[in-house]
Amino acid sequence: MSTATAAQSFTQAITIKLREPARARNLELFLLVIACGICAGAMVLVQLGTKGRLFDQSVLWVGGGILGLALVMHVVLRVVAKNADPFVLPIALVLNGIGIAEIYRIDVHNGLSGWDAIGVKQIVWTMLAMVLAIITLVAVRNHRFLQRYRYIFMALTIVLLLLPMLPVIGNNIGGARVWIKIGPFSFQPGELAKITMALFFAGYLVTARDSLSIVGKKFLGMTFPRARDLGPILVMWGAAMAVLVFQRDLGTALLYFGLFLVMIYVATARISWVAIGLALFIGGALVAQSVLEYVHGRFEQWLDPFNQEVFSRETQASYQLVQGLFGFANGGITGTGLGQGRPYITPVANADYIIASLGEELGLIGVFAILALFIMFASRGIRVGFMAQDDFGKLLGVGFGFIIALQVFVVVGGITRIIPVTGLTTPFMAAGGSSLIANWIIAAMLLRLTDSIPAEQRVQQGALPAASGRSARATRKERRR
């Protein structure tokens with residue numbers, strides 16, 4: 001190869017590498033435009049469906065603030081995370097926007113407006129969550145430094161889990177003591193605890209996975225790790241179980257336990273951990289439903305929701321579950337249309353049962369589209385587990401992706417009677433600021449993790465669109481050389 005040809009090939013290779021981040025960001029901008037159109041269209045359809053006209057344009061202007069923040073976040077990504085995944089931000093924006101539209105639809109029926117409207121509060125929480133996501137992107141320029149603070153994250157997780165138990169600020173809502181209330185503001189610290197727990201597990205398992213998978217004593221054909229290696233994990237597992245017993249929150253305990261089980265399996269690749277974890281889970285579920293009254297009630301409502309002994313409009317026992325199922329049935333395949341159903345009949349239709357509300361107005365097709373978006377979002381995190389250059393990033397990506405996937409499965413599974421109702425919220429969609437902030441921070445962390453993956457590797461794995469035209473031909477020609 002001549003010197004001139006070599007210089008030309010080098011220049012072409014550099015050009016391709018420079019174009020790949022720009023191509024990803026241009027794709028993200030294109031998807032953001034589509035996402036903004038979907039969100040605005042949903043708000044318009046809600047107003048047309050409920051009143052037949054656009055009667056409250058101020059909501060559209062306020063919603064424009066979210067779209068503006070999304071563009072700001074896009075610009076920030078062009079500066080601090082040029083190689084970040086182009087699908088994460090548009091997917092999060094679409095899910096968030098559809099959730100706000102459905103919450104606003106229920107507010108219209110209840111006659112709520114201004115600051116009393118839950119939809120307006122949701123918009124404000126969304127804007128705050130997006131600002132925190134932008135701060136996360138700017139502050140965490142390299143995720144690897146977080147590994148050294150694993151024990152700080154462990155202590156922080158325990159503090160967050162214990163805060164609702166304090167006598168002054170702890171608050172009991174819906175039978176679960178998982179909230180803290182300071183003045184007019186209430187917050188669920190357990191939502192942030194799932195982030196710090198994932199950071200602790202990822203950091204600790206990177207350093208201790210060899211000891212957990214190799215060193216130990218054999219019993220019944222399985223190698224059990226030493227107590228000093230398993231100790232920190234048992235502390236975290238005990239804290240998660242305390243949430244179930246003392247805070248009466250079945251869904252959060254299930255989320256923590258599932259995160260613990262998946263991350264330790266990914267770190268050690270030992271199927272015995274899955275067997276032990278499932279045995280502990282099944283045994284704990286049987287004991288809990290026998291000893292804890294509220295868990296027993298959840299099982300009764302799941303197994304026989306139409307039984308008059310458990311069906312109660314006053315306590316919302318299985319009444320909520322039955323009304324959600326009727327809402328799904330009323331929606332059918334194509335749905336009644338945004339603003340034209342009756343989702344408000346179901347209790348807590350804008351939070352725990354927002355999927356049932358969307359199932360009635362968007363139908364089975366709409367629910368499948370939403371689930372497809374969640375699958376794609378979670379897959380971006382799990383993909384990091386295959387392509388990240390460091391073990392800490394791999395575990396963290398899998399952990400964050402699994403958090404979203406498990407939440408959606410537990411929520412949809414409970415509403416459709418696949419599993420008992422647990423009380424978890426649908427990520428990005430359900431009313432509530434705690435969940436929104438936690439999930440937008442997870443989105444920011446996934447963007448940071450995907451930015452650490454070399455562009456060439458992501459193109460080969462299909463995470464980015466391959467170079468086209470002259471650039472693609474130059475790439476193939478360079479590889480042959």
Set Lys121/Lys194; Lys181/Lys394; Lys51/Lys121, cut-off 26 Å on Cα-Cα distance; pairs above it are Lys181/Lys394
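Could you give the length gained on full extension between Val72 and Ile152, defined as 0.36 nm per residue of separation minus the Cα-Cα distance, in nm? Spell out each step's value before the answer.
Working: separation 80, 0.36 × 80 = 28.80 nm, distance 3.14 nm.
Here the segment from Val72 to Ile152 would lengthen by 25.7 nm.
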Any chance you could run the full-extension gain for Leu280 through Phe368? It's 0.36 nm times the residue separation minus the Cα-Cα distance, nm to one decimal. 28.4 nm
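Stretched out fully, how many nm does the piece from Ser290 to Asn172 gain, at 0.36 nm a residue minus the Cα gap? Spell out each step's value before the answer.
Values: separation 118, 0.36 × 118 = 42.48 nm, distance 2.31 nm.
Contour length minus the Cα-Cα distance gives 40.2 nm.
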Could you work out how far apart the two model spin labels at Gln340 and Asn307 are, taking each label as a point 7 Å from the Cα in the direction of the beta carbon, and quote it in nm? 4.0
Under the Kirkwood approximation for Rh and a Cα-based Rg, what ratio Rg/Rh is obtained for the range 90-210? 1.05
Taking K and R as +1 and D and E as -1, what net charge do the other residues with C-beta under 12 Å from the C-beta of Gly397 add up to? 0
The range 397-406 - phi-based ³J(HN,Hα) in whole Hz, Karplus 6.51/-1.76/1.60, Gly and Pro as x: x, 4, x, 5, x, 5, 4, 5, 4, 5
Please calculate how many Å² of accessible area the range 383-442 carries per residue, with a 1.4 Å probe and no DNA, RNA or ligand atoms counted. 23
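Go ahead and run the numbers for FRET between Asp116 and Ile38, Cβ-Cβ distance against an R0 of 30 Å, rounding to 0.05. Intermediate results must be reported in sequence, preceding the final value.
Details: r = 27 Å, r/R0 = 0.89.
Efficiency at R0 = 30 Å is approximately 0.65.
The values are calculated or read from the model by the stated rules, or taken from the named source; none is laboratory data. Source: prediction; values computed, not measured. In this analysis, Cβ positions are derived from the backbone assuming ideal geometry, glycine residues included, and neighbour counts consider all displayed protein chains. Accessible surface areas use protein heavy atoms only, side chains included; no ligands, DNA or RNA. Shrake-Rupley method; radii C 1.70, N 1.55, O 1.52, S 1.80 Å.
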